[in-house]
Amino acid sequence: MSISFDPELGDAVRAAAAETGKPLSSWLAEAAASKLRAEALARFLADWQVEHGPLTPAEIAKAEQELGLRAADPAA
């Protein structure tokens, strides 16, 4: 497999891999796997919302809190 990036992206990818101490190919494999998981989750959520309706702001806020994506709202 061969890939190419524009120069700035290539530099950023090499720097990110070096920062983690991983070989470039390992870093790229992890990034690709992460992207595939994110796309699978997006498809799942889209299908779920078709069947059950859109997630409410409260449901989203609860998920964000449980995932540690934002601080708990003291008013909630």
Filter result (surrounded by fewer than 10 Cβ atoms within 10 Å (Cβ to Cβ) and not in a helix (DSSP H, G or I)) within the range 1-15:
MET1, SER2, ILE3, SER4, ASP6
What is the residue count in the range 16-30 for residues that are loosely packed, with under 13 Cβ neighbours inside 10 Å and out of contact with any Leu (no Cβ under 9 Å at 6 or more places or on another chain)?
7
Search the range 1-15 for residues that are of a type outside the set (A, V, I, L, M) and pair each with any residue that is at pLDDT below 95 when their beta-carbon atoms are under 6 Å apart and the residues are at least 6 apart or on different chains.
none
Somewhere in the range 45-55, is a residue within 18 Å of the chain's Cα centre (by Cα) and open to solvent by 70 Å² or more (accessible area, probe 1.4 Å)?
no
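The values are calculated or read from the model by the stated rules, or taken from the named source; none is laboratory data. In this text, all values refer to a predicted model and were calculated from it rather than measured experimentally. Every residue, glycine among them, receives a Cβ derived from its backbone with ideal geometry; neighbour counts consider all protein chains shown. Just the protein is used for accessible areas: all its heavy atoms, side chains included, with ligands, DNA and RNA removed. Shrake-Rupley method; radii C 1.70, N 1.55, O 1.52, S 1.80 Å.
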